[in-house]
Amino acid sequence: MDTQELPDISGKTTVQALKMLCSMYPGKIIFTTSFSLEDQVVTHILCSNKLHVKIVTLDTGRLFEETYKVLARTRERYNVPIEIYFPDAEKVEKMVTQKGPFSFYESVENRIECCHIRKVIPLKRALLGQKIWITGLRSEQSNTRANIKPVEWDERYNMVKYNPIYDWSFEEVKNFITKHNIPYNVLHDRGYPSIGCAPCTRAVAPGEDIRSGRWWWENNSKKECGLHAR
């Protein structure tokens, strides 16, 4: 798609842009949430404005208990369905049987394989047939996300991606969460700014990069699971 064909949201507020997209693509808009602080902000915006957007999450089978608690509290708070996508059981069984439960620590290739099976393949199923993919990505999160734009064309999934809080600071996110009393993962209060699967996430020290706790054993500054490859 030529960038000129992307939806033009210039001059619109986030809510106005979302309403426009919902009008342009009824029933074809999806928001994927991992229940991060950013995703909880977007969930609040969508639900408080009663926007008709399909909300889904990926359950890798290796999430923190605290993440499931945020899922439960979010469902209760906003009274909206959140569709759960699981990885293919046969693929997980084969991988774990052949390589063991912690193969991702052994090589980058094994880690990417695990992410692909548990995250990327389920995401492809979730996005199938959708036209607009809403995310909670922020340019401040990592060097791989520094150049994201509010509206982009995602070549991998052949669809428009809308990043409504792409230019928010971490302080703005936290202040919004506090102001609106939004449910959030308590691990954020324990030094976990970015939370993924339990075996692949650790707390970070003050001053460390906010994504340094993800796949911390890898000597690579451009670490992603493949959902938002750039």
Give segment 174-221 a look and list any residue that's acidic (Asp, Glu) and in a helix (DSSP H, G or I), or say none. ASP189
Looking at segment 84-134 only, could you name the residues that are within 29 Å of PRO26 (Cα to Cα) and either loosely packed, with under 12 Cβ neighbours inside 10 Å or over 22 Å from the mean Cα position of the chain (by Cα) (or both)? LEU128, GLY129
How many residues are under 18 Å from TRP217 (Cβ atoms) and touching a Pro at 6+ places or on another chain (Cβ under 8 Å) when one looks only at segment 76-104? 2
Regarding PHE64, is this residue of a type in the set (A, V, I, L, M, F, W, C) and within 22 Å of SER169 (Cβ to Cβ)? no
Kindly indicate the residue of segment 200-212 that is of a type outside the set (D, E, K, R) and modelled with pLDDT of 90 or more and also surrounded by the most Cβ atoms within 10 Å (Cβ to Cβ) among those meeting that condition. CYS200
What do you reckon, is SER107 more than 20 Å from ILE134 (Cβ to Cβ) and hydroxyl-bearing (Ser, Thr, Tyr)? yes
Right, CYS47: under 19 Å from ALA72 (Cβ atoms) and of a type outside the set (Ser, Thr, Tyr) or not? yes
Consider PRO150 against the criteria (1) more than 26 Å from ILE182 (Cα to Cα); (2) modelled with pLDDT under 95: it satisfies all of them except one. Which criterion is unmet? (1)
From the residues in segment 154-173 that are farther than 17 Å from SER34 by Cβ and assigned to a helix (DSSP H, G or I), which one is modelled with the highest pLDDT? GLU172
Please enumerate the residues belonging to segment 103-123 that are in contact (Cβ under 8 Å) with a residue 60 or more places away in the chain and not hydrophobic (A, V, I, L, M, F, W, C). TYR105, ARG111, HIS116, ARG118, LYS119, PRO122
By residue number, the members of segment 188-199 that are more than 14 Å from ASP39 (Cβ to Cβ) and either surrounded by fewer than 19 Cβ atoms within 10 Å (Cβ to Cβ) or modelled with pLDDT under 95 (or both) are ASP189, ARG190, GLY191, TYR192, ALA198, PRO199
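The values are calculated or read from the model by the stated rules, or taken from the named source; none is laboratory data. Small disclaimer: the values here were computed from a predicted structure and weren't measured. A quick note on method: Cβ atoms are made from the backbone with ideal geometry, for glycine too, and the neighbour counts reach across all protein chains shown.
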